[in-house]
Amino acid sequence: MMKLKTVAACLMAASCSLMAQPAMAEKVVRWAQQSDIPTLDPYAFASTPALAFQNHIYEGLVQWNEQLEMEGALATRWEQRDDTTLRFYLREGVRFHNGNDFNADDVVASIARVTHPDSGIRGNASSIKEAVKVDEYTVDIRLSSKSPIALNELSGILMMDKEWMEEHRALEPTSMSKGTEGYATNNTNGTGPFRLESRRRDAEMVLVKNADWWNGDQAQHNIDRIIYKPVSSDATRLAGILAGEFDLVSDVPLQDLPRLEKEKRVEVMVRPSLRVIFLSLNMADELNAGNVDGKNPLQDRRVREAMHMAIDREAIVKKIMRGMTDVANTFVAPAIAGFDAERGVELGYDPERAKALLAEAGYPKGFKLAFDCEQGYYLNAEQWCQAVQRYWARIGIDSSLNVHPRSVYSQIRDNGRTDVAVLGWANLPLYDAYSINQQLLHSRDGGIYGAFNIPRFKNDTIDRLIEQSNTELDQQVRADLMGEVLALAQQELPFLPLHFEPVAWATSDKLSITQNPDNVVRLWYASLN
């Protein structure tokens, strides 16, 4: 009896001891970035950071994996039924974060929403016509014409819940360019590895692990919670990573990297990215700053060449970008199909020649331009915008520079309310020159073409070559066509290429994460020690 009591007492003591122990600590990633994610609606804004963040919550039928290879996500397999039909077999047993089942009805509603004329990413779904339900877990994606890039486009179309959209009157998309918002702007319901717990705009977003994720058994991450903080001050982000308050800063100012590299508890990750930084020129009939003798000087190629030659891009790369990138003489990065270094822009820094070209074009005294730059998005943008303004002043071009946060800037740029805008283009999620050709270089048609043709540039030969490449299935022939488009456009200079934007991250030594040249943060592949 005594023995039994002793055993019981020991068991009770052990139980009490276990109960007294604190629960296992959560694995929390604290992620800081210069600006907020402006919308959580995955069809509202063709922005790499926005879509990358949303991809923690939502998923597509297919996706790029950690090695940037295409693989199934919400679809287990697919087949080409004919030139314009792709059949997808959906993953069964998948649930949205609110518990609703994922099925073909959701795909049909999502495709209808993303192809709506008001969709902010309509250009990323240019080959997609509609989705047709075959049965509960089979759906046909019908294309506008035969397309070599339909799968690439589908990797960026994140699936939404039809019932949830109906409940919250969100069946139609919102658009940042048009300044529209809706329930999906601040609320989410995806199938992905994390779900939204809270959102305070311009302050904080919290994501928590989706315990019911369909791929949970194979999950590579061990993260319970992600706290995302927009921190506009470079100094504050730097102090935060040094003090251990942040685990990831995904847009480190280049000038701060040497200091961070000295810290044992901080890992610095820098590599070239796929993004080319451009100046976009207003080639419409009217300048926002006022025409000169009834004309818009930017419509004259000699003027555009002069403006490019007036900028010492090598000096910008060396001093402002700290030598951590390269001057861009092409509209796409070397990794993008269609790249050809030998057919790039050949105009070097030559302010005297620039002045002569302006005089030749009839503007010996220069002219005025409205110049708008974005704050808190492109690395060191305010500094290189100011440098460009000074370089132009030396050849007589008086550019009135204004700097705006993204929420304001996007509407100014996308609606043509400036003469010079800044733009970065990485050709994502396609990894293909079709993206820039179709969205920036083809003339606007009010549909799939020219969504980001901010200059209002038009060249009939370029339009024809782009349309021809869109249906060419022979990859070599298609690459040649895309290369020809880029070569012609690079000579016309509707956009002035400046440099390739570097990817610069800093992480705590506790976080293990892969950095890819697309600058997409994929925390579902990361882990905390």
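Structural remarks
- In this structure, the pairs whose alpha-carbon distance is over 32 Å, taken from Lys209/Lys264; Lys178/Lys318; Lys319/Lys368; Lys129/Lys458; Lys209/Lys318; Lys318/Lys365, are Lys178/Lys318; Lys209/Lys318.
- Karplus (6.51, -1.76, 1.60) ³J(HN,Hα), θ = phi - 60°, over the range 298-314, in Hz, Gly and Pro reported as x: 6, 6, 8, 4, 4, 5, 5, 5, 4, 5, 6, 5, 6, 9, 7, 5, 4
- Accessible area per residue in Å² at 1.4 Å probe, computed on the chain: 42
- Exposure ranking of Arg113, Arg81 by accessible area [1.4 Å probe, largest first]: Arg81, Arg113
- Between the amide H of Val139 and those of Phe88, Leu90, Val134, distances stay under 5 Å, these residues lying 5 or more places away or on another chain, with hydrogens modeled in the peptide plane.
- Percent accessible area from carbon and sulfur atoms, the range 195-286, protein chains only, probe 1.4 Å: 42
- Rel. contact order, % - alpha carbon contacts under 8 angstrom, at least six apart, the range 443-529: 18
- Note on the range 62-166: with neighbouring protein chains present and a 1.4 Å probe, carbon and sulfur make up 38 percent of its accessible heavy-atom surface.
- Solvent-accessible area of Thr418 with every protein chain in place, 1.4 Å probe, in Å² to the nearest 10: 10
- Check: the range 168-247 dipole with +1 on Lys, Arg Cβ and -1 on Asp, Glu Cβ, in debye: 240
- Projecting the Cα atoms of Ile226, Trp213, Ser198 onto the charge dipole of the range 155-308 (Cβ charges, centred on the Cα centre) puts Ile226 farthest toward the positive pole.
- To put it simply, the accessible area of the range 395-443 at a 1.4 Å probe is 47 percent carbon and sulfur.
- Take every pair of alpha-carbon atoms less than 8 Å apart whose residues are at least six positions apart; their mean separation over the length of the chain yields a relative contact order of 19 percent.
- Estimated distance in nm for a label pair at Gln476 and Arg200, the labels positioned 7 Å out from Cα along Cα-to-Cβ: 6.0
- The range 364-507: C-alpha gyration tensor shape, a/c 1.5 cut-off, then a/b vs b/c: prolate
- Note on the chain: dipole from Cβ charges, positive end direction compared against Ala104, Pro38, Met160; the farthest Cα belongs to Pro38.
- For the chain, the share of DSSP beta bridges that are antiparallel, to the nearest 5, is 75%.
- Reducing the range 25-85 and the range 498-524 to their Cα centroids gives an inter-centroid distance of 16 Å.
- Pairwise FRET efficiency - Arg259 versus Glu342, Cβ, R0 = 51 Å, nearest 0.05: 0.80
- Glu163 accessible area, 1.4 Å probe, all protein chains in place, Å² to nearest 10: 100
- The mean sequence distance of close C-alpha pairs (under 8 Å, at least 6 residues apart), as a share of the length of the range 23-137, puts its relative contact order at 19 percent.
- Note on the chain: percent of Cα-Cα distances in each 20 Å bin, starting at 0 and stopping at the bin with the largest distance, equals 21, 52, 22, 4, 1, 0.
- Area of Val231 that stays accessible when all protein chains are in place (1.4 Å probe, Å², to 10): 20
- Helix-only [θ]222 nm of the chain, DSSP H runs n ≥ 4, -39500 (n - 2.57) each, per residue, nearest 500: -7500 deg cm²/dmol
- Projecting label points 7 angstrom from Cα along Cα→Cβ for Asp135 and Asp293 puts them 7.3 nm apart.
- Whole-angstrom gap from the range 294-352 to the range 154-228, using each part's C-alpha centre: 38
The values are calculated or read from the model by the stated rules, or taken from the named source; none is laboratory data. This is a predicted model, so every value here is computed, not measured. Here the Cβ is made from the backbone with ideal geometry for all residues, glycine too, and neighbour counts use every protein chain on show. Protein only, heavy atoms only, side chains kept; ligands, DNA and RNA dropped before computing areas. Shrake-Rupley method; radii C 1.70, N 1.55, O 1.52, S 1.80 Å.
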